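Right, one structure below, let's go through it.
The values are calculated or read from the model by the stated rules, or taken from the named source; none is laboratory data. Just so it is clear, the model here is predicted, and its values are computed rather than measured. When we count neighbours, we look across all protein chains shown, and the Cβ atoms used for this are built from the backbone with ideal geometry, even at glycine.
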Protein chains: 2
Amino acid sequence: MRPTKRDELVQKALAAFYRTGFQATGMDRLVAETGISKTSMYKHFRTKEDLILAVLRLRDEQFRNWFARRVDELADSPRGRLLAIFDALGEWFGQPSFRGCMFIKAAAEYQEPDHPIHAQSAEHKRLMFVHVRKLAEAAGAPDPDRLARALLLLAEGAIVAAHMGYEKAPAEEARAAAAVLVSAALPGANGP
Amino acid sequence: MRPTKRDELVQKALAAFYRTGFQATGMDRLVAETGISKTSMYKHFRTKEDLILAVLRLRDEQFRNWFARRVDELADSPRGRLLAIFDALGEWFGQPSFRGCMFIKAAAEYQEPDHPIHAQSAEHKRLMFVHVRKLAEAAGAPDPDRLARALLLLAEGAIVAAHMGYEKAPAEEARAAAAVLVSAALPGANGP
DNA sequence: TGCAAAATGTACTGATCGGTACACTGTGTC
DNA sequence: GACACAGTGTACCGATCAGTACATTTTGCA
């Protein structure tokens, strides 16, 4: 297992793709921004698509780790964690480098459902769902699948709204709606 | 007011951009697909960006008209219309030509918030919000702004989920969640 | 019929795209 | 000191990109 150069490339390419987009970021631009020679890039990745897939793998790992950890830190009860999802999102949206969800954008640029980039982006969303469903189970939801799906719809909507900038505080709006859904879904209901 | 050729171009370009994406659809490809000469295109639109903006204007008009009409037809009560939003979305998702929301994709390809294409896409979302808020007002919501925002987050999430294909029936899931929110928000509550 | 506007076809520009060829340099190991 | 290997720099490939020049044909209207 050799780390360093290849990882450095993926990491820097991630930043460039996230900031500028996939199609809009050419390989020559990557050379300029990363300082890594084109020859080296194509020694590690056969095509640009392969590089993008590696970038998405890294992003998926980084984001899910960050998200899980942050949700854990932001609440101390299983039920509170379901709402902390949206506090974590709010923190994300507030970062100056925030540019929306990389996977939504990847799926938007590579539209065909069976395109590897599209499929891998969908896989990320599926893994996010698995995590949220676990949170819903831990909170004692009678139908954790359904609750997780509903919360994820709100989260997805908030991410899009935050990226497009047509709403002032999407995370807070989503959290308020989520609170209603959680109260309705969990048996030991504490009123708002 | 001369219709025909220019409108034909915008209409066909809309289909091409929607199916293939904005950056991925070159002007030469538009020539091939529309049968309209490049010279004519550039006589009507100074740049590709201008053409895209015209396409987005047409799409906004078409989609909002269709949406408003369909929501109206699908329900007979103001309250029912709030849920019919998601029935209409479900119909949209079921169309074989469905390829996600053109404005989300446009905003994903042109990321800078002050880019005209991004800004115009956000404007579409704002207009959708205005419409949904009217529906919420008509249904007697004490805080129509908040209810409309929550419903739109669900709708946005459903659109993304439908486009990425990681959920089987996003419209139905969103509708179920919306029913809970509507019941909680409206004074004359009928239980589910 | 005649004239102007609208639309066309073709061929081109310079720039950039993803990807490659090839000769070179640095580094660590036996 | 020799060999292998990772990485570099540069120059290039054919294709495509957005956009233009120019001469020609079609069309609508009087």
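When residue B:100 is tested against (1) touching a residue at least 60 places away in the same chain (Cβ under 8 Å); (2) more than 17 Å from residue A:157 (Cβ to Cβ), exactly one condition is not met: (2). Could you tell me whether any residue of region B:133-146 is at pLDDT 95 or above and closer than 15 Å to residue A:154 by Cα? Checking region B:133-146: at least one residue is at pLDDT 95 or above and closer than 15 Å to residue A:154 by Cα.
Of the residues in region A:120-135, how many are crowded, with 18+ Cβ neighbours inside 10 Å and within 13 Å of chain B (Cβ to nearest Cβ)?
Final tally of qualifying residues: 9.
Counted as qualifying within region B:29-122 are the helices (runs of 4 or more DSSP H) with 3 or more residues that are touching a helix residue (DSSP H, G or I) at 6+ places or on another chain (Cβ under 8 Å) and either within 16 Å of DNA strand D (Cβ to nearest atom) or of a type in the set (Val, Ile, Thr) (or both), namely B:38-44, B:48-74, B:102-109. How many residues, within region B:157-178, are assigned to a helix (DSSP H, G or I) and in contact with a helix residue (DSSP H, G or I) (Cβ under 6 Å, 6 or more places away or on another chain)? Going through region B:157-178 one residue at a time, the tally reaches 13. Remark: pairs (first residue in region A:29-57, at pLDDT 95 or above; second residue among the small types (Gly, Ala, Ser) and more than 14 Å from DNA strand D (Cβ to nearest atom); Cβ separation under 8 Å; 6+ apart in sequence or on different chains) = A:52/A:106; A:56/A:106; A:56/A:121.
With respect to residue B:176, is the statement that it is among the small types (Gly, Ala, Ser) and surrounded by fewer than 24 Cβ atoms within 10 Å (Cβ to Cβ) true? Before the answer, list the steps.
On the way: among the small types (Gly, Ala, Ser): yes; surrounded by fewer than 24 Cβ atoms within 10 Å (Cβ to Cβ): yes.
Answer is yes for this residue.
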